[in-house]
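Engineer: Sharing a structure here in structure tokens format.
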């Protein structure tokens, strides 16, 4: 399932351009005060009035839809919302909030190759950046090996978007993927909450009895978990959660994950169970530095035993780990 909102918007843009429709892409460049969406968020609108993405809680979307569909601007523009009291009243922006948007028209023929290239990079899980000349809308795409651009983006915040000397530099990173190992109530709630938080989630369940009864929102893969980790969930944008409560299943996943670059590796269980698990994994050859990466017991510490609350604790810890991972990475 697609967990990256940018990728979902790109897919819509590609389809619309292929159908011969013009598209207007609005990007949040900067926010001040309260804002329902972070800098870097996208809203795409086609000339038929269909849209994808979001730049607010709905108050700005209506104005942007009307502006694009009715006026059909041919030149890019920077728009500021919330500068005046009338703006804040008209668009119901949070108290004191301001949003700066860059609206760029995209045309069939002219921009299709760029969108295809950008979408291919996202699907291949490669960090990239867009470099847009604000006055003309001319755009180019770069990878993570451009030092000058990286230093400029490094002066920005975690959104990795910055307006710099007449250009907009926007770094785009892959969606964080999660592999849940072991079907059950906790996995069902974790998958639901993690999807809502923007993760791309897959469930692995090699046991016939448990896989047969799975009724969650995410796809179930019948495979050995260590094979799946090595094949699809070993990069720095991946997390692996052992939720089976079965050492025969969980330990296979953990051995592979703790030997990978996964940004988060966690296992469900009590303090006593977690201690025994670490001893088993150490006997199987894992060193102290590898074991130190293991989140076990998994999740933030709360006095709860219900599946839903355990899942909330797990996803809260995942969200924190994702922010920490993004903050620790060198700018593109």
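Engineer: Out of 14, 7, 30, report the one residue that is in a strand (DSSP E or B) and surrounded by fewer than 21 Cβ atoms within 10 Å (Cβ to Cβ).
Structural biologist: 30
For (1) modelled with pLDDT of 85 or more; (2) in a strand (DSSP E or B); (3) touching a helix residue (DSSP H, G or I) at 6+ places or on another chain (Cβ under 8 Å), each residue gets a yes or a no:
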residue	(1), (2), (3)
100	yes, yes, no
115	yes, no, yes
118	yes, no, yes
121	yes, no, no
132	yes, yes, no
141	yes, yes, yes
148	no, no, no
171	yes, yes, yes
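Engineer: On to the next question. Could you grab me the full set of residues in segment 59-79 that are outside any helix (DSSP H, G or I) and either closer than 18 Å to residue 48 by Cβ or modelled with pLDDT under 90 (or both)?
Structural biologist: The answer is 72, 73, 74.
Engineer: Only one of 302, 319 is touching a residue at least 24 places away in the same chain (Cβ under 8 Å) and either at negative phi or part of a helix (DSSP H, G or I) (or both); which?
Structural biologist: Every option except 319 fails the conditions.
Engineer: Quick test for you: out of 292, 313, pick the one residue that is at pLDDT 95 or above, out of contact with any helix residue (DSSP H, G or I) (no Cβ under 9 Å at 6 or more places or on another chain) and surrounded by 13 or more Cβ atoms within 10 Å (Cβ to Cβ).
Structural biologist: Checking each option against the conditions leaves just 313.
Engineer: Condition first: assigned by TED's automatic domain parsing to the domain that holds residue 284, touching a strand residue (DSSP E or B) at 6+ places or on another chain (Cβ under 6 Å) and in a loop (DSSP other than H, G, I, E, B). Can you find one or more residues in segment 245-260 that meet it?
Structural biologist: The answer is no, given that none of the residues of segment 245-260 is assigned by TED's automatic domain parsing to the domain that holds residue 284, touching a strand residue (DSSP E or B) at 6+ places or on another chain (Cβ under 6 Å) and in a loop (DSSP other than H, G, I, E, B).
Engineer: Under the condition of being more than 13 Å from residue 252 (Cα to Cα) and exposed (fewer than 10 other Cβ atoms within 10 Å of the Cβ), which residue from segment 280-289 is farthest from the chain's Cα centre (by Cα)?
Structural biologist: 283
Engineer: Take the residues of segment 266-283 that are touching a strand residue (DSSP E or B) at 6+ places or on another chain (Cβ under 9 Å) and either free of Cβ contacts under 8 Å to residues at least 60 places away in the same chain or part of a helix (DSSP H, G or I) (or both): which is nearest to residue 320 (Cα to Cα)? Before you say what the answer is, go through the steps one by one.
Structural biologist: First pass over segment 266-283, keeping only residues touching a strand residue (DSSP E or B) at 6+ places or on another chain (Cβ under 9 Å): 266-269, 273-274, 277-278, 281.
With the extra rule that they be either free of Cβ contacts under 8 Å to residues at least 60 places away in the same chain or part of a helix (DSSP H, G or I) (or both), the set shrinks to 266-267, 269, 273-274, 277-278, 281.
Details: 266: 13, 267: 17, 269: 20, 273: 24, 274: 21, 277: 24, 278: 23, 281: 25 Å.
The selected residue is 266.
The values are calculated or read from the model by the stated rules, or taken from the named source; none is laboratory data. Keep in mind that what you see is a predicted model, and the values were worked out from it rather than measured. All Cβ positions, glycine included, derive from the backbone under ideal geometry; neighbour counts span all protein chains shown.
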